[in-house]
Amino acid sequence: MTRLYVAGHRGMVGGAILRRLEKRRAAGERLDLVTRTHTELDLTDQAAVRAFFAAERPDVVILAAARVGGIHANSTYPAEFIYENLMIECNVIHQAFAAGVTRLLQLGSSCIYPRLAPQPVAEQALLTGPLEPTNEPYAVAKIAGIKLCESYSRQYGVDYRSVMPANLYGPGDNFHPDNGHVLPALIRRFDEAVRSGAEAVTIWGTGMPRREFLHVDDMAEASLFVLDLDRATYEANTQPMQSHINVGSGRDISILELAQLVARVTGFSGRIETDPTRHDGTPRKLMDVSRLRDMGWRAGIPLDRGVAETYRWFVDHRDAFRG
Ligand code: GDP
C-alpha cells in the first residue's frame, strides 16, 4: 500500500491529479490518498506542517499547492506570491524529508525561464538571464522550489522531482475577471458579452504575446507519468542541477488568436479590441518539450476541444462566479 499525500487537492491541478489517482485506486491500485483542505492545514505554518507529516507519514508527496494568479494578480500582490510560495515549498519539502518521504513531485511553472530565452525554451535555459518583471517574485519562489528538490536529492539521496507546466487551463480554473489567467478571464468576458449583447470585447495588452496552453487533465497525466518513471530513466534524462522537466503541448498561439477561438466557442460575433495600456508580459512562452516526449509522453487534448469543454464547465458553474 502506498500512502500518497496530494498537497493542494482543491486547486485546479491538484484536483485533476486527485481524480486520476482515485480512478487508479478504483481500478485496484493499492493507494491510500491523504488530503487536507486549506482550513485544516495552513501550508505556510511550519509547526502545523511538521505535525501533519509526523502524524500522517506519507510515502509519496505531490506538491500541487501554490498561490497562483494571472499577470494582474502577480503585479498587484507580489509579496503574497513570493512569501506564500516560498513558505509552502520550504515547509512541505523539508518536512516531507524530515518525515522520511523519499519520493516527491513538485509542480512549477514556465515563468521560471528568462523573459527573452530562446524559443522553444529548453530546461537548460533556467537561470541564464533576467526574468519577466510582472511575475518575477512568483518565478523566484518556483525556482527556489526546483533548487530545494535538487539539493535534498543531491545531498540526501532522496528522489524529489519537478515538472514545469505551460499555461494551464480547464475545469475548476479561476474565472475571476481580474485575478485569474487569460483563458478563464476571456471565457467569462466573452460569455458575458454574448449574454448582454455587447458589440465589443476588450482584451488586455496588444494581443501579440504568444502563450502555450495545456489542459489540466494532460498535466495531471504527465505529472503521474513523471512521478512513476523509474529513477534511472529520470536521471538519465535530466541533470543533477537541471532536473526539472517541461510539460507542454508544444504549440503556442497569440492572445488575439486565443480571443478569436474563445469568441467562436462562446458564439460571440462582435468586435475584439485590444488595450495596449495593459501589460503584455513575456513576449513568447513556448517550451521545448522534447525531454518528456523522448521519455514517451505527449499532450493529447487539442486546444479547441479543451476550450469548448472548459466553456461548458463554466456554463454549468456560472452562478457560482457571479458578483
Ligand atoms: P502570463 O502568461 O503570466 O502573462 O499570464 P496571463 O494568463 O495572466 O496573461 C497572458 C497574456 O494574456 C498577457 O499578455 C495578458 O496581458 C493577456 N491578456 C489579455 N486579456 C487578458 C485578461 O483578461 N486577463 C489576463 N490575465 N490576461 C489577459
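The values are calculated or read from the model by the stated rules, or taken from the named source; none is laboratory data. All values derive from a computational prediction rather than experimental measurement. Cβ: placed from backbone, ideal geometry, glycine included. Neighbour counts: every protein chain shown. Accessible surface areas use protein heavy atoms only, side chains included; no ligands, DNA or RNA. Shrake-Rupley method; radii C 1.70, N 1.55, O 1.52, S 1.80 Å.
Filtering region 264-283 to residues that are exposed (fewer than 14 other Cβ atoms within 10 Å of the Cβ) and more than 20 Å from P171 (Cα to Cα) leaves S269, R271, E273, D275, P276, T277, P283. Here region 182-211 is the region considered, the condition is being open to solvent by 10 Å² or more (accessible area, probe 1.4 Å) and either of a type in the set (V, I, T) or closer than 16 Å to G14 by Cβ (or both), and the residue that is nearest to the chain's Cα centre (by Cα) is V182.
Contact map, region 277-295: residues that are within 17 Å of E123 (Cβ to Cβ) paired with residues that are among the hydroxyl-bearing types (S, T, Y) and surrounded by 17 or more Cβ atoms within 10 Å (Cβ to Cβ), Cβ distance under 6 Å, separation 6+ or inter-chain. Pairs shown: K285/S110; M287/S110.
Out of all the residues in region 284-302, which are open to solvent by 40 Å² or more (accessible area, probe 1.4 Å) and within 16 Å of the ligand (Cβ to nearest atom)? Passing the criteria: only R284. A count restricted to region 108-158 and to residues that are under 18 Å from the mean Cα position of the chain (by Cα), among the aliphatic types (A, V, I, L, M), surrounded by fewer than 19 Cβ atoms within 10 Å (Cβ to Cβ) and closer than 18 Å to D280 by Cβ stands at 0.
Looking across region 49-67 at every residue that is under 22 Å from R161 (Cβ atoms) and not aliphatic (A, V, I, L, M), the one that is farthest from the ligand (Cβ to nearest atom) is identified as R57. The set of residues in region 169-207 being within 13 Å of the ligand (Cβ to nearest atom), part of a strand (DSSP E or B) and touching an Asp or Glu at 6+ places or on another chain (Cβ under 9 Å) consists of V201, T202, I203, W204, G205. Each residue in region 151-168 was checked for being assigned to a loop (DSSP other than H, G, I, E, B) and either charged (D, E, K, R) or away from the ligand (no atom under 11 Å from the Cβ) (or both), and 2 of them qualify. Output yes when any residue across region 299-314 is within 20 Å of E212 (Cα to Cα) and among the aromatic types (F, W, Y), and no when none is. The answer is yes, given that some residue of region 299-314 is within 20 Å of E212 (Cα to Cα) and among the aromatic types (F, W, Y).
For region 39-48, filtered to residues that are assigned to a loop (DSSP other than H, G, I, E, B) and over 19 Å from L18 (Cβ atoms), the residue that is nearest to the ligand (Cβ to nearest atom) is T44. Among the residues of region 229-245, those that are assigned to a loop (DSSP other than H, G, I, E, B) and either open to solvent by 80 Å² or more (accessible area, probe 1.4 Å) or under 15 Å from V163 (Cβ atoms) (or both) comprise L229, D230, T238, P240, S243, H244. Can you confirm whether S249 is in contact with a Leu (Cβ under 8 Å, 6 or more places away or on another chain) and either in a loop (DSSP other than H, G, I, E, B) or at pLDDT below 95 (or both)? For S249, the condition - in contact with a Leu (Cβ under 8 Å, 6 or more places away or on another chain) and either in a loop (DSSP other than H, G, I, E, B) or at pLDDT below 95 (or both) - is met.
Give region 68-110 a look and list any residue that's within 16 Å of the ligand (Cβ to nearest atom), in a helix (DSSP H, G or I) and among the small types (G, A, S), or say none. Write out each step before concluding.
Kept after step one, since they are within 16 Å of the ligand (Cβ to nearest atom), are these residues of region 68-110: 68-78, 80-82, 85, 107-110.
This time we only want the ones that are in a helix (DSSP H, G or I), so: 71-76, 78, 80-82, 85, 110.
A73, S75, S110, listed by residue number.
Residues in region 227-283 that are farther than 30 Å from A193 by Cβ and within 16 Å of the ligand (Cβ to nearest atom): N246, V247.
Check region 13-25 and report whether any residue there is of a type outside the set (S, T, N, Q) and assigned to a loop (DSSP other than H, G, I, E, B). Don't jump to the end; show me each part of the working.
First, pick out the residues of region 13-25 that are of a type outside the set (S, T, N, Q): 13-25.
Still in the running and assigned to a loop (DSSP other than H, G, I, E, B): none.
Scanning region 13-25, I find no residue that is of a type outside the set (S, T, N, Q) and assigned to a loop (DSSP other than H, G, I, E, B), so the answer is no.
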